[in-house]
Amino acid sequence: MKSWKWGPGPGLTTDWLRLRYASVNCIEVDEELARSLGRRTENANVRVQCADATAMPYRDSTFSGAVAFTMLHHVPSPALQDRLFAEVYRVLRPGGVFAGTDGVQSWLMRMFHICDTMVLVDPARLRIRLELTGFKEVKIEDGAGRFRFFARCPSQDPDKVTGS
Ligand SMILES: C[S@@+](CC[C@H](N)C(=O)[O-])C[C@H]1O[C@@H](n2cnc3c(N)ncnc32)[C@H](O)[C@@H]1O
C-alpha cells in the first residue's frame, strides 16, 4: 500500500507508518522540519516534500491511503481545510482511505497554541464537510480531548481515473 500523510512534524507517526507500509510520502509545510525529517529517514521507504497540503504536488489518483494526525487545526481557515479535503480526495485512488485525528477545544489545546494557529475542526460538522467533498463511509469517533475520523473515496467515481 502506498500511503501518504501530511504535517508529519518531527516524524513520530511517520516512524510508526513506515514500518507498516511499503512507501510513505509526507508533506510538511515547515522547511526546517521537512529537511530534518527527510535527512533522518534518508534511505528508508519515506519521501518527504516541503509543500502545502492545500495545494499538493501530486497527480490525481496516486495514493491508496492518506492520514492527517493532529494537523488540521494548523490550517488557518475552514475554507483552506475544505480545500485540503478536496486535495486529499483528488490524489486518492478510487476506494482510497482518508483517516486521522485532531484535538477539540480544551484548556490544554489553548495553552499549546498561544501564538500559534489553532482553527479547530468541529467533529459534529466534519461528516458533512467530508461528504460534500465526495467521501463515503464517513465515521467520526469522539474521544477524550480529541476525535478521530475515517472516510473512503467511492470505488467507482466517473471523474476519477486510476493513477500509475
Ligand atoms: C502538531 S504537528 C503534527 C505532527 C505529526 N502529525 C504527529 O502526529 O506527530 C502539525 C504539523 O503540521 C504542519 N502543517 C501545518 N499546516 C500544514 C500544511 N498546510 N501543509 C503541510 N503541513 C502543515 C506543521 O508545520 C506541523 O509540523
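With respect to residue 130, is the statement that it is in contact with a Phe, Trp or Tyr (Cβ under 7 Å, 6 or more places away or on another chain) and within 18 Å of residue 68 (Cα to Cα) true? Yes. Could you grab me the full set of residues in region 117-140 that are of a type in the set (A, V, I, L, M, F, W, C), outside any loop (DSSP other than H, G, I, E, B) and surrounded by 13 or more Cβ atoms within 10 Å (Cβ to Cβ)? Passing the criteria: 126, 130, 138, 140. Of the strands (runs of 3 or more DSSP E) contained entirely in region 1-116, those carrying at least 2 residues that are aromatic (Phe, Trp, Tyr), in contact (Cβ under 8 Å) with a residue 40 or more places away in the chain and surrounded by 14 or more Cβ atoms within 10 Å (Cβ to Cβ) fall at 2-6, 63-69.
The sole residue among 61, 77, 36, 23 that is more than 9 Å from the ligand (Cβ to nearest atom) and assigned by TED's automatic domain parsing to the domain that holds residue 133 is 77.
The set of residues in region 19-68 that are acidic (Asp, Glu) and under 24 Å from residue 82 (Cβ atoms) comprises 28, 30, 52, 60. Mind checking which residues of region 94-134 are closer than 18 Å to residue 82 by Cβ and of a type in the set (Asp, Glu)? Scanning region 94-134 gives 102, 122, 131.
The rows are residues; the columns are (1) touching a helix residue (DSSP H, G or I) at 6+ places or on another chain (Cβ under 8 Å); (2) more than 19 Å from residue 95 (Cα to Cα); (3) among the charged types (D, E, K, R).
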position	(1), (2), (3)
23	no, no, no
32	no, yes, yes
40	no, yes, yes
43	no, yes, no
48	yes, yes, no
52	no, yes, yes
58	yes, no, no
62	yes, no, no
70	no, yes, no
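The values are calculated or read from the model by the stated rules, or taken from the named source; none is laboratory data. What you are looking at is a predicted structure, and each value in this text was computed from that prediction instead of being measured. Here Cβ is always computed from backbone atoms with ideal geometry, including for glycine, and neighbour counts include all displayed protein chains.
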